[in-house]
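Below is one structure, written out as structure tokens; the observations come after it.
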Amino acid sequence: MADLLEEYRRQRRLKLEGNIYHKTQVELAYNSNHIEGSRLTEEQTRQIFETRTVDGHARLADIQDATNHFRLFDAMLDTAEEPLSPELLLSFQEVLKQGTEQAASDPILPLASSRCCPTRWAAL
């Protein structure tokens, strides 16, 4: 597992298209967001990852969700060796929802979130 993590990190630094880091970023963001109702095509998702632009019609919310997924995957690579904690999970949620309509209408409040489920957090 450490070898794969280091390879992802190495490939991210190289910024080359077509490597496993690039492929994972695009496919993970596309498939996850598609399940949630995104109308982006896989090609549009790839364009956003590579150039931060998109051809054709695209909803701003879908572009924001894809961009957040890219940032979250990088954050997970950066913190992969840290112990899983409520604070880390909440930071992932904040990255994923940053700039979205959901975040604007239902702000993420880490303190309140940790109070809502103390027995679940204690299990971590």
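Across all Cα atoms of the chain, the radius of gyration (one decimal) and Dmax (whole number) stand at 15.9, 47 Å. Based on DSSP H segments of at least four residues, each scored -39500 (n - 2.57), the chain has a per-residue ellipticity at 222 nm of -22000 deg cm²/dmol.
Placing unit charges on the Cβ atoms only, positive for Lys and Arg and negative for Asp and Glu, gives the chain a dipole magnitude near 140 debye about its Cα centre.
Gain on full extension, evaluated as 0.36 nm per residue between residue 2 and residue 91 minus their Cα-Cα distance, stands at 29.8 nm. Among 49, 70, the sequence by solvent-accessible area, most first, with a 1.4 Å probe is 49, 70. Of the solvent-accessible surface of region 50-112, computed with a 1.4 Å probe and all protein chains present, 57% belongs to carbon and sulfur.
With protein chains left intact and a 1.4 Å probe, residues in region 22-106 average 59 Å² of accessible area per residue. Of the whole protein surface, residue 106 contributes about 90 Å² of accessible area at a 1.4 Å probe radius.
Given a 1.4 Å probe and the protein chains as shown, residue 14 ends up with an accessible area of around 80 Å². Extension gain for residue 17-residue 106 works out to 28.4 nm (0.36 nm per residue, less the C-alpha to C-alpha distance).
The values are calculated or read from the model by the stated rules, or taken from the named source; none is laboratory data. Quantities reported herein were computed from a predicted structural model and do not represent experimental measurements. Reconstructed Cβ throughout: ideal geometry from the backbone, glycine too, with neighbour counts over all protein chains shown. Ligands, DNA and RNA are stripped out before the accessible areas are found, and what is left, the full protein with its side chains, is counted by its heavy atoms. Shrake-Rupley method; radii C 1.70, N 1.55, O 1.52, S 1.80 Å.
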